[in-house]
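The values are calculated or read from the model by the stated rules, or taken from the named source; none is laboratory data. Small disclaimer: the values here were computed from a predicted structure and weren't measured. Glycine also receives a Cβ, built like all others from the backbone with ideal geometry; neighbour counts cover every protein chain displayed.
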Amino acid sequence: MEGIESIRPLLAVAVSILAVPLIMLSSRKPNLREGWTFLAAGLKFLIVLSLLPLILDGGSYTLTIVQVLPGLGIKLRVDSFGILFALVSSSLWIVTSAYSIGYMRGLKEHSQTRYFCFFALSLSATIGVAFSANLLTLYLFYEMLSLATYPLVTHHQDAEARKSGRKYLAYIVGSSIGLVLPAMLAIYYLTGTLDFSYQGLFTGTESPLVILLLLLLMIFGFAKAGIMPFHSWLPAAMVAPTPVSALLHAVAVVKVGVFCIVRVVTGVFGVQFLQTLQLGTVLCYIAAFTIITASLIALAQDNLKARLAFSTVGQLSYIVLGVALLSPLGITGGMLHIAMHAFGKITLFFCAGAIFVATGFKNISQLNGIGRKMPFTMGAFFVGSMSVIGVPPGGGFISKWFLVLGTIESDQWIMLVVLLVSSILNAAYFLPIVYRAFFHPPGETGISTGMEEAPSFCLIPLMFTAFCSIVLLFFPQPFYSLAEQSVRMITQGW
Amino acid sequence: MKKTGLIMVIVTGILLIAGTTEFPDWADPNSPASSHVSPYYILKAIDDTAVPNVVSAVLADYRGYDTMFETAVIFAAGLACFFLLRQFNRKRAKTKMYRHVPTGIIIDIDEGGKLPEENSNFERIDSQWTPYDLIIKTTCRIIIPFIQVFALYVIIHGHHSPGGGFQGGVILGATIILFAISHDLRTTIKRLSEKMASVFSSMGVFLFAATGMLCLLLGSVYLDYSALSDLLGTDPVMARSHGILIIEIGVGLSVMAVMIWLYYNLSSAGKHNEGL
Amino acid sequence: MEEITALLVSRYNYWAFIVLMMVGLYGMIAKNNLVKKIIGMNIFQTAIILFYVSIGAKKDATIPIIEHGHHGEEVVIKAVDYINPLPHVLMLTAIVVSVATLGVALALAIRVYRQYNTLEENEIKSQLSEE
Amino acid sequence: MSEQFPALLITVPLISAFFITALGWRSAKPAYPIALLALASALFSSMGLFGEVLKHGKVSYRLGGWPPPFGIEYAVDALNAFVLVVISFVALINLIAAKRKVDGSFSGKSPAFYALYVMFVSGLLGITVTGDVFNLYVLLEITALTGYALIGMGDKHAPLAGFNYLIMGTIGASFYLLGVGYLYLATGSLNMGNLSEIIPTIQSKQTIIFAFIFCLLGLFIKMALFPLHNWLPNAYSYSPPAASGLIAPLTTKVMIYVMIRLVYSVFTPAFSFGHPILPTVFIWLAIIAIVMGSLLALAQKNLLKILSYIIVAEVGYMVGGFWLGNSDGMTGAILHIANDALMTLCLFLVAGNFIFVLKNDRLESFKGLIHKMPLTMAAFIIGALSIIGVPPTCGFFSKWYLIKGGIEAGQYGFVAALLFSSLVNVILFFKIIEITYFEPETKDGHSLHHHVAIPREEAPLSMLIPLAITTLLLIGVGLYSKEIVTGIIQHVLPTI
């Protein structure tokens, strides 16, 4: 089924690249500069939105940008799963832009122009990944994202940032060149194509050992997904300014990692193919290990952002687990979790940033009684945690529900236990924070009584995302129908 | 280094010796080298170019393009030595030395002092100056013209006897070098300046390349001297013969000039003082 | 034994060039003095020239200057009577190249001397390692 | 006009060198415009020739009007036409950028510099275009001699580096000449086309095999394949920046072209790849070259040294890719000739800009450079990405073919070496980018970024524009890899 040829997917990718020179030129006028960011973000969201109706009707858009190798081009294709991810990231970019203004100006950060430029570039790469039609294009945008986020991670340009930057690059670029690239070439050599297809690219004549090897290369190679032992760049990258952590390390970058894994598992290997080889179980155990271990480590973190980071590591593996179950419900759950976790986790990061802006605190042990001072922030934090734990009123409940159903559907009882145990662990590392904030008396940390919230540019976005998290519980559209549609295509074959 | 050198040498030597096992016997007239292309030159040289000296014919015509680059190589060497070694604007020595020729008295003149007019009585010298040897000087003066005439003969008669531009050019250059050795560098440079040597050397190769270009402009291919027949008023075969002469002259000029240029720069390390 | 002698005799020109070439190569690699290296280089190149020239030899043949009638009489030219001219032409080129290389090599050696005040490689190396 | 392109291509720069030298005694001023014109005309001719070849197939040009094998022939097919365009383009771009670097250096001998420069280029063009194995030797030497002189004019250790290059280069060229001698001995011919007809008919191959070994040995020395690379790093890093931007991108690449040409058009692929051991030996040499080149690059503290060792590794890419013997590997090797020439040009131009502003190329002096020279740094980053092999820069696509060829041939050692060197390049370049990005630190290790604004100090426009063109081409060539592969390289590849 060939989709409609359209330039709009390219526009969606390019609009934020085009904004970069404008942002650079207006570096002396901060308001104009942020204006460009907003304009690009809004346009990007609108373009993505305009693609939605056709996708919901079962169509798709394609565009070959350039044919770089014989039979292999840089090609875009918008399908339901891609647009699901694009919707999440482009909508959250708008919110994060607003939050960034509050945060960066509130802290009088340096080099804000560079910050906004690379932010825009990163978003281009993210949408590019979402709309990639083949593995080569995916790889291209994946690398672009790695490089564009490097200046954001090392924004502070001090010794710590340098250390984290090194770690970030070593893990992300190292794994993509060392693992993904050879795997991609091997796949191209074996199958003669790299275009995604839900039937899988393999003919079934290859030795299962080779397939397993390629699968593992891919899973670990997309290190942005943070599957252990390739996770430790993520906590290190938390030295970045909080909006960066929020959007990139709760939404764009890490979700690109899992998005790639899901794409590769469904579009390159094919669900049915993996089922016949029974390779899903291997993936399940890898993901389960990460889920449990990351949650346990998160418990021990005192730095709020570090705890959130380890929570992210665990939550990402939920998505991988969902797909690894290779059952329709599990995949639905995994896809939905991309959206649900994004809204939940970004709220939490926004809150962490807001606390830092307002009080300068980074550690959980300093937060005694802060709920009285920042009731809105901490309220939103509560909603976010609920969503991540997977209980109402958070939207995370839906995705987790599907994941649980998926484990039952595919008879992976151990995975069911893993999910339940990890939910308890989630609760165990989030709820004490909320408890501490509202019910602990302010200690010697010197929190004065009376309201003292972060600037409204910080506050409004986080309230908004918290609100969205709740709304998504009741109205999970259009994410639910997109996920469902993808699953239908996956199970029927393309 | 010595040991590794020895090992490498032995290994290469064994390789080389192993390579010779299937060589044809020495001086075998039926070896491939002597039976494939070269008989053509021997049989056709006179018909094609009217030059009995096959080496000259091949050098300047059949493989004239090689020869042009060969001349360019030698020109490049002269230029390279100039580029690497020549030192302009060196700090002037504070005292200048002059020698009064008739008496042999050497005068040091401090900066700002009045300089004598340079004529046959006074000559400028360097601190490294050594007196000429009369016997050598005179002998060279006598034989140099004869050598030069011989050199010209070698160039011009290259069509019919061993010789040609390279050989003649080198002999010509050697006469000037001989002059420089028997006298001194300063005297020689006064006769034939470095600028002249450089301009000559580029002119010589230019003569070669321009002849080729002329053939091209006359509608044939590069270096096809037969195209010059109209210009020279001869048949194409003789035109080739004349073309060969022209480029032999160019080569001779260039080689001579480069030899001199090389000598100037190498012998004085680019300072152009007394030198050797 | 006779065969070996015959082989040695029929190929002696090649042994000669190989020995010369190895002498030159050894000089280039193992000698300490830069000028000696240059001399080695020249021997090396000369060996190859010798090799080429010996390719051109023919038994009972003369130099390749064709006997021709000055007054138009027919002369039969036979290729076996004249040695192969091509290697000579090639080696004329190679000689010129080796002269040119020699010139540049000496120029570089002079510059090296200007820089380090010595032409001995080990002394230059010890100066380099002091830096 | 168009049928004369092969001759004009080479003779116009050559003749201009004589003019430059002669006029140089009057004034140094006309040297640069003449050189520029000559190289522009060479670029024009090579483009014209390229178009001709694409339209009508092979072009043969008989110098002096003599038919091969008696005269010297120029045989141009898509492969050399392509390499010609690359050479003349790189030479022209670097010449534009060289103007400001030459001004004020070489103490009044700048005409000689330009004359040697154009002669070097005409030598390279000649090597590429010629169809005669001995003519190739002469042109090899003209390139080498001018190259020694250009390198030897650098500061400090340049003369010694030039001298060592001369010794090694002469050994290499002499081995090549010896190989040609063996070939001549066995076949009696010097013309490439004629040789390739004779060689398959020869019964006992031993002399041919030794000719093959000696020719390649000579070329390996000239292209600095590990362990014969010792001359390269010093020669390239001490040479004057104006010259290194010409010599470094082109010399090794042209030597690789010559290797390909010899295999295709002289020894015939059937013979070369038919040998049971040699191709495997060459691949393993290439693997060692890649690994060692990368490792040695890690140990360097100067940008130019790093780049030089990267060239050593890149030579391994091309040699290995070519000797894989399958169409992907060869495509990769040929594509990499162009790509690597561009990448190396880009990085050497960047290094030239750094040296122009900073007066040295030590890494520790690069602190804060990203603020000081943002445009040059942008080009540096793109060049670095290309060397690393990140799409859509061109370096990715040649690496793609090379790796695919390696997988296809079952040479996993080669694939691993390529990936290893990519990873080492990541470390190398991000180490440099990190130094330029993190500003000078104070003693206690805290950054100063809130206080000190580093003033802009970019290189002049005449150096930035060529750099910008090269950088854009890195991406442009990458995106049009398919056209290059299907339009040019596929026509050249032999069927094995």
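Some notes on this structure:
- Count of the stretch D:353-390 residues which are within 13 Å of chain A (Cβ to nearest Cβ) and not in a helix (DSSP H, G or I): 4
- Boolean, D:Tyr412 is of a type in the set (Ser, Thr, Tyr), touching a strand residue (DSSP E or B) at 6+ places or on another chain (Cβ under 9 Å) and over 23 Å from D:Glu458 (Cβ atoms): no
- Of all residues making up the stretch D:176-205, the number that are buried (at least 21 other Cβ atoms within 10 Å of the Cβ) and either more than 9 Å from every other protein chain (Cβ to nearest Cβ) or farther than 30 Å from D:Gly152 by Cβ (or both): 16
- Annotation note: Cβ proximity below 7 Å between a residue of the stretch D:362-391 that is closer than 22 Å to A:Tyr142 by Cα and a residue that is among the β-branched types (Val, Ile, Thr) and not in a helix (DSSP H, G or I) (sequence gap 6+ or interchain) occurs for D:Ile382/D:Thr393; D:Leu385/D:Thr393; D:Ser386/D:Thr393.
- Test result for D:Pro249, assigned to a helix (DSSP H, G or I), out of contact with any Asp or Glu (no Cβ under 6 Å at 6 or more places or on another chain) and at pLDDT 90 or above: yes
- One residue stands out among those in the stretch B:1-43 that are more than 8 Å from chain D (Cβ to nearest Cβ) and among the acidic types (Asp, Glu): the one that is nearest to C:Gly27 (Cα to Cα), which is B:Asp25.
- The listed residue being assigned to a helix (DSSP H, G or I), within 27 Å of C:Arg111 (Cβ to Cβ) and either within 10 Å of chain D (Cβ to nearest Cβ) or touching a residue at least 24 places away in the same chain (Cβ under 8 Å) (or both), out of B:Asn273, B:Asn265: B:Asn265
- Test result for C:Val99, modelled with pLDDT of 90 or more and either among the hydrophobic types (A, V, I, L, M, F, W, C) or on the phi > 0 side of the Ramachandran plot (or both): yes
- D:Ser421 being at pLDDT 90 or above and within 20 Å of the chain's Cα centre (by Cα): yes
- The stretch D:214-240 residues that are at positive phi, paired with ones that are buried (at least 24 other Cβ atoms within 10 Å of the Cβ) (beta carbon under 8 Å, 6 or more apart): D:Ala224/D:Leu232; D:Ala224/D:Thr252; D:Ala224/D:Ile311; D:Ala224/D:Val312; D:Ala224/D:Val315
- Looking across the stretch D:206-226, the residues that are among the hydrophobic types (A, V, I, L, M, F, W, C), within 13 Å of chain B (Cβ to nearest Cβ) and closer than 21 Å to D:Pro276 by Cβ come down to D:Ile208, D:Ile209, D:Phe210, D:Ala211, D:Phe212, D:Ile213, D:Phe214, D:Cys215, D:Leu216, D:Leu217.
- Some residue of the stretch D:145-157 being over 18 Å from D:Ala17 (Cα atoms), hydroxyl-bearing (Ser, Thr, Tyr) and either within 11 Å of chain B (Cβ to nearest Cβ) or touching a strand residue (DSSP E or B) at 6+ places or on another chain (Cβ under 7 Å) (or both): no
- Pair list, Cβ under 7 Å, 6 or more apart: the stretch A:182-205 residue at the interface with chain D (Cβ under 9 Å from one of its Cβ atoms) and over 22 Å from D:Phe414 (Cβ atoms), other residue loosely packed, with under 15 Cβ neighbours inside 10 Å and modelled with pLDDT under 85: none
- Any chance B:Ser201 is more than 9 Å from chain D (Cβ to nearest Cβ), surrounded by 21 or more Cβ atoms within 10 Å (Cβ to Cβ), polar (S, T, N, Q) and within 14 Å of the chain's Cα centre (by Cα): no
- Residue selected from the stretch A:14-43 under the condition of a type in the set (S, T, N, Q) and within 23 Å of the chain's Cα centre (by Cα), by the criterion nearest to A:Leu121 (Cα to Cα): A:Ser16
- For the stretch A:161-207, the set of residues classified as among the charged types (D, E, K, R) and more than 25 Å from A:Gly71 (Cβ to Cβ) consists of A:Arg162, A:Lys163, A:Arg166, A:Lys167, listed by residue number.
- For the stretch D:62-80, a tally of residues being over 25 Å from the mean Cα position of the chain (by Cα) and touching a residue at least 40 places away in the same chain (Cβ under 8 Å) returns 4.
- If the condition is being more than 7 Å from chain D (Cβ to nearest Cβ), more than 21 Å from B:Val237 (Cα to Cα) and in contact with a Leu (Cβ under 8 Å, 6 or more places away or on another chain), then the stretch B:60-80 contributes only B:Gly78.
- Odd one out for A:Gln157, checked against (1) more than 29 Å from A:Gln275 (Cα to Cα); (2) polar (S, T, N, Q); (3) at the interface with another protein chain (Cβ under 10 Å from one of its Cβ atoms); (4) part of a helix (DSSP H, G or I): (4)
- Counting only helices (runs of 4 or more DSSP H) that fall entirely inside the stretch B:29-75 and contain at least 2 residues that are surrounded by 24 or more Cβ atoms within 10 Å (Cβ to Cβ) and in contact (Cβ under 8 Å) with a residue 24 or more places away in the chain, the qualifying elements are B:54-57.
- The residues in the stretch B:217-241 that are in a helix (DSSP H, G or I) and either more than 11 Å from every other protein chain (Cβ to nearest Cβ) or of a type outside the set (D, E, K, R) (or both) can be counted, and the count is 14.
- Set side by side, the residues A:Val244, A:Val210, A:Val173 differ, and just one is buried (at least 17 other Cβ atoms within 10 Å of the Cβ) and within 13 Å of another protein chain (Cβ to nearest Cβ), which is A:Val173.
- For the stretch A:80-136, a tally of residues being assigned to a loop (DSSP other than H, G, I, E, B) and either within 19 Å of the chain's Cα centre (by Cα) or at pLDDT below 85 (or both) returns 6.
- Sole residue being free of Cβ contacts under 8 Å to residues at least 40 places away in the same chain and either under 15 Å from B:Gly250 (Cβ atoms) or more than 10 Å from chain D (Cβ to nearest Cβ) (or both), chosen from B:Leu185, B:Leu214, B:Leu192, B:Leu207: B:Leu214
- Residues in the stretch D:1-18 that are farther than 19 Å from B:Val205 by Cα and among the aliphatic types (A, V, I, L, M): D:Met1 only.
- Yes/no for A:Gln301 being surrounded by fewer than 20 Cβ atoms within 10 Å (Cβ to Cβ), more than 19 Å from A:Val173 (Cα to Cα) and touching a Leu at 6+ places or on another chain (Cβ under 7 Å): no
- Residue in the stretch A:216-227 that is charged (D, E, K, R), crowded, with 21+ Cβ neighbours inside 10 Å and in contact with a helix residue (DSSP H, G or I) (Cβ under 8 Å, 6 or more places away or on another chain) present: yes
- Residue ID - surrounded by the fewest Cβ atoms within 10 Å (Cβ to Cβ), chosen from residues in the stretch A:386-430 that are within 21 Å of A:Phe467 (Cβ to Cβ) and more than 21 Å from the chain's Cα centre (by Cα): A:Pro392
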